[in-house]
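The values are calculated or read from the model by the stated rules, or taken from the named source; none is laboratory data. Small disclaimer: the values here were computed from a predicted structure and weren't measured. Cβ atoms come from the backbone with ideal geometry, glycine included; neighbour counts cover every protein chain shown. Side chains are part of the model used for accessible areas, which takes the heavy atoms of the whole protein and leaves out ligands, DNA and RNA. Shrake-Rupley method; radii C 1.70, N 1.55, O 1.52, S 1.80 Å.
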Amino acid sequence: MGAIFKLFDSILLVSFLVHALAPPLIGAQLLLPRALFPDLLIDFKNHYITQSGDYLMAEAPHFFIGLLWLELLLQWPLTLLNLYAISTAKSWLHTTCLIYGVSLFSAMAAIAAELIGSQRASGILLKMYLPFLGLGVFATLRGLLPRCCSKATATGHGAGPSIATKKKA
């Protein structure tokens, strides 16, 4: 089971590194004044829109702006917490992964419905967005995996005394 955790965490670590940079540098450009961003980042965002045909970033519909706020205010801080939790082996990683995964999957379901339903999305654009739908499922699964299995005994209970057998002070 430890190998599964390491595999999940390795994949998530790479994904979280990407997600740690994109929201504050790219997505936030649609939310905050342009003067806050250097020309290099603005040019990068415009080049991305041109190359991918990302009409959501170009047109910024209201639902997409709401999802960008969700990403910046909830998912991005959770990404940073998850990076810290993976790198320091914190026991609360499963909780933050679960919250992050469900939030990401919900947001990406709305975006995927728009991309597929509008029939305006190019193959490149779908390849940019749809992996995040899978990442939401993956992070949710990581959050649902049991916390620890190395201390379990043959009966499936932890090695320490149960609440019923502890002395009362």
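Ser52 passes every criterion in (1) of a type in the set (S, T, N, Q); (2) surrounded by 13 or more Cβ atoms within 10 Å (Cβ to Cβ); (3) under 30 Å from Ile86 (Cα atoms) apart from (3).
Name the residues in region 84-94 that are in a helix (DSSP H, G or I) and open to solvent by less than 80 Å² (accessible area, probe 1.4 Å), would you? Matches in region 84-94: Ala85, Ile86, Thr88, Leu93, His94. Look at region 34-48: where a residue is modelled with pLDDT of 95 or more and a partner is hydrophobic (A, V, I, L, M, F, W, C), sitting 6+ places away or on another chain with Cβ atoms under 6 Å, you get Leu41/Leu25; Lys45/Ile26. Remark: Glu59 matches the filter, which requires a residue to be loosely packed, with under 13 Cβ neighbours inside 10 Å and among the acidic types (Asp, Glu).
Summed over region 51-66, the residues that are closer than 14 Å to Ile26 by Cα, in a helix (DSSP H, G or I) and either of a type in the set (A, V, I, L, M) or without any contact (Cβ under 8 Å) to a residue 40 or more places away in the chain (or both) give a count of 4. Taking the conditions (1) open to solvent by 30 Å² or more (accessible area, probe 1.4 Å); (2) more than 16 Å from the chain's Cα centre (by Cα) in turn, Glu71 satisfies each one other than (2).
Only residues that are surrounded by 14 or more Cβ atoms within 10 Å (Cβ to Cβ) and of a type outside the set (Phe, Trp, Tyr): list them for region 95-109, please. Correct list: Thr95, Thr96, Cys97, Leu98, Ile99, Gly101, Val102, Ser103, Leu104, Ala107, Met108. Take Leu81 and decide whether it is at pLDDT 95 or above, open to solvent by 70 Å² or more (accessible area, probe 1.4 Å) and touching a helix residue (DSSP H, G or I) at 6+ places or on another chain (Cβ under 6 Å). Here the answer is yes, as Leu81 does meet what is asked.
The set of residues in region 5-49 being open to solvent by 80 Å² or more (accessible area, probe 1.4 Å) and within 19 Å of the chain's Cα centre (by Cα) consists of Lys6, Leu7, Val14, Leu17, Val18, Leu21.
With the requirement that a residue be assigned to a helix (DSSP H, G or I) and hydroxyl-bearing (Ser, Thr, Tyr), what does region 105-147 give you? Listed by number, the residues that qualify are Ser106, Ser118, Tyr129, Thr140.
Tallying residues that are of a type in the set (Phe, Trp, Tyr) and farther than 16 Å from Leu93 by Cα within region 1-39 yields 1. Of all residue pairs spaced 6 or more apart or on separate chains, those with beta-carbon atoms under 6 Å, a first member in region 100-127 that is under 16 Å from Tyr48 (Cβ atoms) and touching a residue at least 24 places away in the same chain (Cβ under 8 Å) and a second member that is surrounded by 13 or more Cβ atoms within 10 Å (Cβ to Cβ) and among the polar types (S, T, N, Q) are Ile124/Ser52; Leu125/Ser52.
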